[in-house]
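Data block below; observations after.
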Amino acid sequence: MNMPYQLFGPTGLRVSKLFLGAMTFGEQGGVGAPLEECRKMVDAYLDAGGNVIDTAINYRGGSSEETVGELIVGRRDRLVVATKFTVTRDPTDPERRRQSSQEHAALPRDEPPPARHRPHRHLLGPHP
C-alpha cells in the first residue's frame, strides 16, 4: 500500500491521511479487542506507512490510551498520538457537555488515570 500523506496545517508535520482509531483497544467493560489483536492492528497500520493513532480517555474507560501506550513503546518517535478529553468522566454530570475548552485539560480529577502506559500526546482536543 502506498500511504498518502499531508501536512498538518502550518506545522510542517507530515501525517498519514488514514488514521488508526483505537476506540476498541482494550477489553474494559467486557467488549473491545484484546492486547494481542490490538498489536496486530498497530503493526499492520505501521507497516502500511500510517503514523497517527487516535484515542481518548473515554474509550474503554481509559484502557484504550493505556493499550496504545504499551503498544508503541520503542517506536514512539514514528507516531503522532491524537486524543480527546472531558473535564468530568461522570456521564451523569449535566456540565459534561458544556466543559470543552482546552484550558480544562489540566484540571485535577477525583481519580487521576494511571500514567504507567499513557502515551505522550501530540494533539489534544475536547471530546463531546
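Structure values in brief
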item	result
Qualifying residue in segment 68-83 (condition: part of a helix (DSSP H, G or I), among the small types (G, A, S) and touching a Gly at 6+ places or on another chain (Cβ under 9 Å))	no
Residue within segment 48-57 that is more than 10 Å from the chain's Cα centre (by Cα) and of a type in the set (D, E, K, R) present	no
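Residues checked against (1) modelled with pLDDT of 90 or more; (2) out of contact with any helix residue (DSSP H, G or I) (no Cβ under 9 Å at 6 or more places or on another chain):
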| position | (1), (2) |
| --- | --- |
| R39 | yes, no |
| D43 | yes, no |
| A56 | no, no |
| G61 | no, no |
| T67 | yes, no |
| L71 | yes, no |
| R75 | yes, no |
| V80 | yes, yes |
| T86 | no, no |
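Yes or no, residue by residue, for (1) farther than 30 Å from T92 by Cβ; (2) free of Cβ contacts under 8 Å to residues at least 24 places away in the same chain; (3) loosely packed, with under 11 Cβ neighbours inside 10 Å; (4) small (G, A, S):
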site: Q6; (1), (2), (3), (4): yes, yes, yes, no
site: V15; (1), (2), (3), (4): yes, no, no, no
site: L20; (1), (2), (3), (4): yes, no, no, no
site: Q28; (1), (2), (3), (4): no, no, no, no
site: E37; (1), (2), (3), (4): yes, yes, no, no
site: G49; (1), (2), (3), (4): yes, no, no, yes
site: A56; (1), (2), (3), (4): no, no, no, yes
site: V68; (1), (2), (3), (4): no, no, no, no
site: G74; (1), (2), (3), (4): yes, yes, yes, yes
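The values are calculated or read from the model by the stated rules, or taken from the named source; none is laboratory data. The structure displayed is predicted, hence computed values, not measured ones. All Cβ positions, glycine included, derive from the backbone under ideal geometry; neighbour counts span all protein chains shown.
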